[in-house]
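Have a look at the structure below before the remarks.
The values are calculated or read from the model by the stated rules, or taken from the named source; none is laboratory data. This one's a predicted model, so the numbers in the text were calculated from it and none came from an experiment. Counting neighbours? That spans all protein chains shown, and the Cβs are built from the backbone with ideal geometry, glycine included. Areas reflect the complete protein model, heavy atoms only, side chains present, ligands, DNA and RNA absent. Shrake-Rupley method; radii C 1.70, N 1.55, O 1.52, S 1.80 Å.
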Amino acid sequence: MTSLEPIFEAIKTSAFRIHEAITNEDTDYSAQSNQSGDIQLKLDIISDLIIAEEFSKLPVIKTIASEEKEEAETLHPDGQLLIAYDPLDGSSLIDVNLSVGSIFGIYDGGWDAQNMIAAVYVVYGPRLEMVTAYHESVRHYIYRHGRFKEMELIKLNEKGKLNAPGSTQNCWSSEHKALIEELFDEGYRLRYSGGMVPDLHQILLKGGGLFSYPATSDRPNGKLRKLFEVFPFAFIYELAGGEAIGAKGERLMELPCSEPHESAPCYFGSKYEIAKAKDVCCKQ
Ligand code: AFP
């Protein structure tokens, strides 16, 4: 089994560099151009370049697919692993100083969810944090005094108390609306920032609940992308003891992916909430 430690170290280095850029760089296209005439880079493009640069140093990585690039890119033809990543998910929230994140899915043998062998995300918030899912454990790290310090393993309770309902509510199906309202009627608390990484991180660390980004009338295939958003969090939630399903109650980890930017409706949560989702709205 290939050791993923060099990849996790490259992600830590990228996280530190991106955290610095978030603090110091101009976050929008500016009017200035650099020496070669390129328009000043946006922060999410800078983040993409940082990650690609760190991954280019690892011969084990054959191909990368980024949310910021139309096509996948071969780094090392003799490499073994494929990595899909969203370099700065939720970047539109930076202007209002809300938490954002980077998401990574590590695949061996192809881009279908069943080929995923590990998933990682980084949270850029009041603290810099990283979560890795690999070898049956979901590990949590907090950046303190110059290094990522390992904390307790992450496990979801059978049932939680947080409800994170995404997308435009007037585009929800009546079944999805009924599910969300049932949870609120049971006393669940609304926790939704519009950033997938902090919203799912909160449910993982607060013991459970439901995050949903359903099929809607304006987005019949949902919004979140399979390769670098949906599959990595499905992998993480299942390893943490929860479940992750699609619009028809199917396991997200059984879905294929035929092109890098394909999206899928998705529900991530503790077992109680996913069972309710299957019963109320995600039926075959
Ligand atoms: P941006 O990257 O455009 O900010 O979108 C963030 C995101 O892809 C994901 O992080 C959120 O869960 C989701 O969009 C929020 O979408 P809605 O605003 O439609 O709920």
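One residue is enough: does the stretch 163-173 have a residue meeting the conditions part of a loop (DSSP other than H, G, I, E, B), over 30 Å from Thr13 (Cβ atoms) and away from the ligand (no atom under 16 Å from the Cβ)?
Looking through the stretch 163-173, none of the residues is part of a loop (DSSP other than H, G, I, E, B), over 30 Å from Thr13 (Cβ atoms) and away from the ligand (no atom under 16 Å from the Cβ).
Take the residues in the stretch 88-110 that are touching a helix residue (DSSP H, G or I) at 6+ places or on another chain (Cβ under 7 Å) and among the small types (Gly, Ala, Ser), then tell me which one is surrounded by the fewest Cβ atoms within 10 Å (Cβ to Cβ).
Out of the qualifying residues, it is Gly109.
Condition first: small (Gly, Ala, Ser) and either outside the structural domain of Ile94 (by TED's automatic domain parsing) or within 15 Å of the ligand (Cβ to nearest atom) (or both). Now tell me which residues in the stretch 119-159 satisfy that.
Gly125, the sole residue that qualifies.
Is it the case, given these coordinates, that Leu204 is part of a helix (DSSP H, G or I), buried (at least 23 other Cβ atoms within 10 Å of the Cβ) and of a type outside the set (Gly, Ala, Ser)?
It is true that Leu204 is part of a helix (DSSP H, G or I), buried (at least 23 other Cβ atoms within 10 Å of the Cβ) and of a type outside the set (Gly, Ala, Ser).
Against the definition (within 12 Å of the ligand (Cβ to nearest atom) and either more than 25 Å from Met116 (Cα to Cα) or not hydroxyl-bearing (Ser, Thr, Tyr) (or both)), how does Gly242 come out, yes or no?
No; evaluated as a whole, the condition is false for this residue.
On the basis of being under 20 Å from the mean Cα position of the chain (by Cα), closer than 19 Å to Ala247 by Cβ and surrounded by fewer than 16 Cβ atoms within 10 Å (Cβ to Cβ), does Asn163 make the cut?
no
The rows are residues; the columns are (1) open to solvent by 40 Å² or more (accessible area, probe 1.4 Å); (2) small (Gly, Ala, Ser).
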site: Leu190; (1), (2): yes, no
site: Gly209; (1), (2): no, yes
site: Pro220; (1), (2): yes, no
site: Phe231; (1), (2): no, no
site: Gly242; (1), (2): no, yes
site: Leu252; (1), (2): no, no
site: Ser258; (1), (2): yes, yes
site: Lys271; (1), (2): yes, no
site: Lys283; (1), (2): yes, no
